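Right, one structure below, let's go through it.
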Amino acid sequence: MSLVLAIVFLSLNVERSGGAIKPVVTFTPNWGNIIYYDDVTLTCDVSSTVPEEPRTYHWYKDKRPIPGDQQKLHIIRSSVVEDRGDYQCQTIGGDISDPVFLNVTLTHVILQRPPSAIYEGDPLTLRCHHIRDFIAINTTFYKDDQEIKSSESDSTFHIPNITMSQSGLYKCTKQIHYNRTHMMERSDVSFISVTELFSPPEIKITAYWVIEGDEMTVRCDTRLDPLRGSTELHFAFYRDAWIVQEHNVSDTYRESSARLEDSGKFTCEVRTVSNTVRKMSDGLYIHIYSREVYVTVLAVGSLGVLLIIVLSAVLIWRCIHRKGSPASCQGSPQETATMVTDANPDPEDVCYTYLELSHLPKGNTIRNDGLTVTYATVKDPDI
């Protein structure tokens with residue numbers, strides 16, 4: 001009992017000390033790029049399973065400590081030189097957060113986007129933002145040079161559930177009024193890359209042969225992006241387009257005793273809990289074999305293997321019987337002649353060769369440098 005209490009107490013201390021907690025820096029408004037003189041608030045978000053306690057925070061810019069010991073860091077009337085850079089935060093005794101870049105630019109119009117990575121299924125809002133204290137109208141958004149939205153007053157473009165196909169080069173334009181008579185159109189571009197949340201599923205079966213009465217196990221295999229590892233996925237299984245297992249957290253479908261009628265084309269579907277991303281696998285036909293068929297197939301296969309062994313043995317025996325030794329059946333690339341001792345050789349054992357000498361120029365002689373002469377002797381017992 002005391003050991004259990006000690007373990008619980010130790011785990012609470014680790015949680016309180018922040019040893020297992022990694023904070024995240026977020027922006028409000030949630031834009032990763034701003035124009036000079038814009039205001040922004042940075043928050044050090046720390047998830048915890050224990051009741052909230054007063055914490056002391058440390059802030060860093062470009063890995064150097066900056067003033068501030070509160071959870072929020074306010075940047076008022078931002079400066080390109082002083083405020084542009086990577087920001088991190090840390091609680092006392094805890095891990096330091098990953099850096100988040102705040103881009104402060106000296107320009108008239110920028111296309112704003114969230115600072116974090118964009119995954120398929122995420123909502124995405126882009127804003128065509130202009131410098132303060134100036135009037136701007138007629139905002140137009142483009143994707144890959146194709147107009148997608150135009151408005152006289154609305155400066156935002158919203159996608160409820162972004163898909164991989166919506167990656168591309170986005171652009172916005174605005175008309176800036178510098179005074180009553182002077183007006184100019186300004187623009188900015190940003191490439192939006194949508195990251196795959198999870199890979200297309202693939203249906204797999206644990207056994208190559210599924211026999212009637214055996215357990216059948218089918219898996220729906222997919223890979224979730226590690227940076228979104230907390231995303232909950234639900235799986236469903238279909239046979240011949242009919243659902244056999246509703247969506248739930250299990251990526252496995254089992255039949256404890258497979259039947260012949262369980263044969264069919266199996267597919268699986270993976271989706272997020274919010275149903276913003278869903279993907280279907282290719283089909284895999286699974287055949288349930290009866291035990292009689294399985295035994296027959298095994299018997300035929302075994303007979304085929306046995307037949308191959310017997311034929312091989314017969315061929316080797318014939319070769320040995322004809323040549324006189326196993327070694328002579330293997331042959332050798334270095335052999336240049338074979339002595340025939342049989343007075344009446346088998347026609348199959350007689351080899352002929354043909355030398356074409358007509359291509360040699362007339363009057364030339366054949367040099368004997370390096371030549372090898374091979375003699376063959378035919379013995380006749382009557383001689």
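Scanning the range 57-100 for residues that are aliphatic (A, V, I, L, M), over 30 Å from Thr139 (Cβ atoms) and either touching a residue at least 24 places away in the same chain (Cβ under 8 Å) or in contact with a Pro (Cβ under 6 Å, 6 or more places away or on another chain) (or both) yields Leu73, Ile92, Ile96. Answer yes or no as to whether Lys174 is touching a residue at least 12 places away in the same chain (Cβ under 8 Å) and part of a strand (DSSP E or B). Yes, satisfied.
Total residues in the range 177-189 satisfying the condition of being surrounded by fewer than 16 Cβ atoms within 10 Å (Cβ to Cβ) and assigned to a strand (DSSP E or B): the figure is 6.
Scanning the range 213-241 for residues that are assigned to a loop (DSSP other than H, G, I, E, B) and open to solvent by less than 70 Å² (accessible area, probe 1.4 Å), we see that the one that is nearest to Ala117 (Cα to Cα) is Asp225. Candidates Gln112, Gln146, Gln71, Gln88: the one that is over 30 Å from His177 (Cα atoms) and at pLDDT 95 or above is Gln88. If I filter the range 91-104 down to residues being open to solvent by less than 40 Å² (accessible area, probe 1.4 Å) and over 33 Å from the mean Cα position of the chain (by Cα), which single residue comes out as nearest to Tyr37 (Cα to Cα)? Taking the candidates together, the pick is Val104.
Residue by residue, here is whether (1) within 34 Å of the chain's Cα centre (by Cα); (2) charged (D, E, K, R); (3) crowded, with 16+ Cβ neighbours inside 10 Å holds:
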| position | (1), (2), (3) |
| --- | --- |
| Leu124 | yes, no, yes |
| Ala136 | no, no, yes |
| Thr139 | no, no, yes |
| Tyr142 | yes, no, yes |
| Ser150 | no, no, no |
| Ser155 | no, no, yes |
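The residue of the range 265-282 that is least open to solvent (accessible area, probe 1.4 Å), among those that are more than 17 Å from Thr252 (Cα to Cα) and in contact (Cβ under 8 Å) with a residue 24 or more places away in the chain, is Val277. Does His158 satisfy being over 25 Å from Asn30 (Cα atoms), modelled with pLDDT of 95 or more and part of a strand (DSSP E or B)? Here the answer is no, as His158 does not meet what is asked. Screening Val244 with (1) in contact with a strand residue (DSSP E or B) (Cβ under 7 Å, 6 or more places away or on another chain); (2) open to solvent by 40 Å² or more (accessible area, probe 1.4 Å); (3) more than 30 Å from Pro114 (Cα to Cα); (4) touching a residue at least 24 places away in the same chain (Cβ under 8 Å) gives one miss only, at (4). When the test is whether a residue is of a type outside the set (S, T, N, Q), farther than 29 Å from Ser187 by Cβ, in a strand (DSSP E or B) and open to solvent by 60 Å² or more (accessible area, probe 1.4 Å), Pro54 does not pass it. Beta carbons closer than 8 Å, at least 6 apart along the sequence or on distinct chains, pair a first residue in the range 101-130 that is over 21 Å from Leu227 (Cα atoms) with a second that is open to solvent by less than 30 Å² (accessible area, probe 1.4 Å) and among the aromatic types (Phe, Trp, Tyr) for Leu111/Tyr170; Leu126/Phe141; Leu126/Tyr170; Cys128/Phe141.
Among the numbered criteria (1) under 30 Å from Pro123 (Cα atoms); (2) of a type in the set (Lys, Arg); (3) modelled with pLDDT under 75, which single criterion is violated by Arg291? The failed condition is (1).
So for the range 255-264 (the condition being free of Cβ contacts under 8 Å to residues at least 12 places away in the same chain, farther than 27 Å from Val24 by Cβ and part of a strand (DSSP E or B)), does at least one residue qualify? No, because not a single residue in the range 255-264 is free of Cβ contacts under 8 Å to residues at least 12 places away in the same chain, farther than 27 Å from Val24 by Cβ and part of a strand (DSSP E or B). Considering the conditions (1) of a type in the set (A, V, I, L, M); (2) more than 25 Å from Asn275 (Cβ to Cβ); (3) free of Cβ contacts under 8 Å to residues at least 12 places away in the same chain, Ile137 is excluded by exactly one of them, (3).
The values are calculated or read from the model by the stated rules, or taken from the named source; none is laboratory data. Bear in mind the structure is a predicted one, so any value in this text is a computation, not a measurement. Positions of Cβ are backbone-derived with ideal geometry, glycine not excepted, and every protein chain shown enters the neighbour counts. In case anyone asks, the SASA skips ligands and DNA or RNA and just uses the protein heavy atoms, side chains included. Shrake-Rupley method; radii C 1.70, N 1.55, O 1.52, S 1.80 Å.
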